[in-house]
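Shown next, in structure tokens, is the structure this report addresses.
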Amino acid sequence: MNNVAHRNKMGLALSSGGVLGYAHIGVLRALEELDVPVDMLSGASMGAIVAVFRAAGMDAAALEALALKYGVQVAAILDGLVPLRRLTSPQRLRNSLRRELPVTLFEALEKPVCIAATDLATGEGLVFDSGDIWGPLAGSFSVPGVFRAVKVGDRYLADGGMSLPVPVQELYARGADRVIAVSLYDPVQGEPFQEHLGVAKLLERSLNLILHNVARPELERADLVIRPDLRGCSPQDVHGYVVRGYDAVMRQKAAVEALIA
């Protein structure tokens, strides 16, 4: 009992990343297999969704099933690979996810969670960890131009990735002794730069670089950073992303296990 009482508290910080965020599920699956206790979580955007649903009681298998259920809709909205038509809309998807969430208050979650969103008026990164979950969560994944901003109190919230893509320090502030961070914005792990990239690919890579640089100060505070190699994954291949997240943890198995030794 004494060993349990005095073990280090482990925090897991999950980055924003749109469809890339399916890789977080693979990370959770690997940590489950390695018996790594995750005592608290944080996240932004897709990372916030995974963190909240995990803390609401869903294990990695249930999270993957949920991702598969909505995978085509998410790809349609975020990547435009299939025509929306009557398949879905951003608001319908948001409402569907709300119905899937089994709790309404942060205090009802099985594990503490804090999630980041961005104040559209000031650009300030805001972190939520108490009271109603849905407003802050919906704001955290409100990608500008895709989802409408969410009003919480007197603030309008949008995607947390714009201000705090990987909330690491927030976990230490809430009592974590060790923090594993998952970053989905490593330029080396993305599609390689080529001189004659088309406009769309160049913009995608530029956004990747911006978010990587914004996240850097937080990542430098983490005890361990997991960086899944996501090159070549299709936006609709949910399981493919999950496997990449799982593999990224297993490549650093020794380092992960050292944190809980």
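The values are calculated or read from the model by the stated rules, or taken from the named source; none is laboratory data. Note that this is a predicted model, so its numbers are computed, not measured. Counting neighbours? That spans all protein chains shown, and the Cβs are built from the backbone with ideal geometry, glycine included. All accessible areas refer to the heavy atoms of the entire protein, side chains included, with ligands and DNA or RNA removed. Shrake-Rupley method; radii C 1.70, N 1.55, O 1.52, S 1.80 Å.
If you take the residues in the stretch 105-152 that are hydroxyl-bearing (Ser, Thr, Tyr) and touching a helix residue (DSSP H, G or I) at 6+ places or on another chain (Cβ under 7 Å), which one is nearest to Leu171 (Cα to Cα)?
Quick first cut of the stretch 105-152, residues hydroxyl-bearing (Ser, Thr, Tyr) only: 118, 122, 130, 140, 142.
From what's left, touching a helix residue (DSSP H, G or I) at 6+ places or on another chain (Cβ under 7 Å): 118, 130, 140.
On the way: Thr118: 18, Ser130: 14, Ser140: 17 Å.
Among residues in the stretch 105-152 that are hydroxyl-bearing (Ser, Thr, Tyr) and touching a helix residue (DSSP H, G or I) at 6+ places or on another chain (Cβ under 7 Å), the one nearest to Leu171 (Cα to Cα) is Ser130.
Output the residues belonging to the stretch 125-151 that are aliphatic (A, V, I, L, M) and open to solvent by 40 Å² or more (accessible area, probe 1.4 Å).
Residues of the stretch 125-151 aliphatic (A, V, I, L, M): 126-127, 133, 137-138, 143, 146, 149-150.
Answer for the stretch 125-151, where residues must be aliphatic (A, V, I, L, M) and open to solvent by 40 Å² or more (accessible area, probe 1.4 Å): Val127, Val143, Val146, Ala149.
Taking only the stretch 104-123 into account, find how many residues are more than 20 Å from Ala13 (Cβ to Cβ) and either open to solvent by 40 Å² or more (accessible area, probe 1.4 Å) or at pLDDT below 95 (or both). Can you show your working first?
Taking the stretch 104-123 and keeping what is more than 20 Å from Ala13 (Cβ to Cβ), we get 104-105, 107-108, 119-123.
Filter again for either open to solvent by 40 Å² or more (accessible area, probe 1.4 Å) or at pLDDT below 95 (or both), leaving 104-105, 107-108, 120-123.
Number satisfying all stated conditions: 8.
State all residues of the stretch 34-67 that are touching a Gly at 6+ places or on another chain (Cβ under 8 Å), assigned to a loop (DSSP other than H, G, I, E, B) and farther than 19 Å from Tyr241 by Cβ; if no residue qualifies, say none.
Scanning the stretch 34-67 gives Val38, Asp39.
Can you pull out the residues in the stretch 192-224 that are at pLDDT below 80 and open to solvent by 90 Å² or more (accessible area, probe 1.4 Å)?
Result: Phe193, Gln194, Glu195, His196, Val199, Lys201, Leu203, Glu204, Leu207, Ile210.
I'd like to check something: does the stretch 88-100 contain any residue that is more than 19 Å from the chain's Cα centre (by Cα), over 22 Å from Gly71 (Cβ atoms), free of Cβ contacts under 8 Å to residues at least 24 places away in the same chain and surrounded by fewer than 18 Cβ atoms within 10 Å (Cβ to Cβ)?
No, every residue in the stretch 88-100 fails to be more than 19 Å from the chain's Cα centre (by Cα), over 22 Å from Gly71 (Cβ atoms), free of Cβ contacts under 8 Å to residues at least 24 places away in the same chain and surrounded by fewer than 18 Cβ atoms within 10 Å (Cβ to Cβ).
Run down Gly57, Gly71, Gly47 and say which single residue is modelled with pLDDT of 95 or more and out of contact with any strand residue (DSSP E or B) (no Cβ under 6 Å at 6 or more places or on another chain). Explain how you work it out, then say what you get.
Working: Gly71 fails: modelled with pLDDT of 95 or more; Gly47 fails: out of contact with any strand residue (DSSP E or B) (no Cβ under 6 Å at 6 or more places or on another chain).
Result of the check over Gly57, Gly71, Gly47: Gly57.
Go through (1) of a type outside the set (Val, Ile, Thr); (2) open to solvent by 10 Å² or more (accessible area, probe 1.4 Å); (3) assigned to a helix (DSSP H, G or I) one by one and return the number of the condition Leu31 breaks.
Against the list (1) of a type outside the set (Val, Ile, Thr); (2) open to solvent by 10 Å² or more (accessible area, probe 1.4 Å); (3) assigned to a helix (DSSP H, G or I), Leu31 comes up short only on (2).
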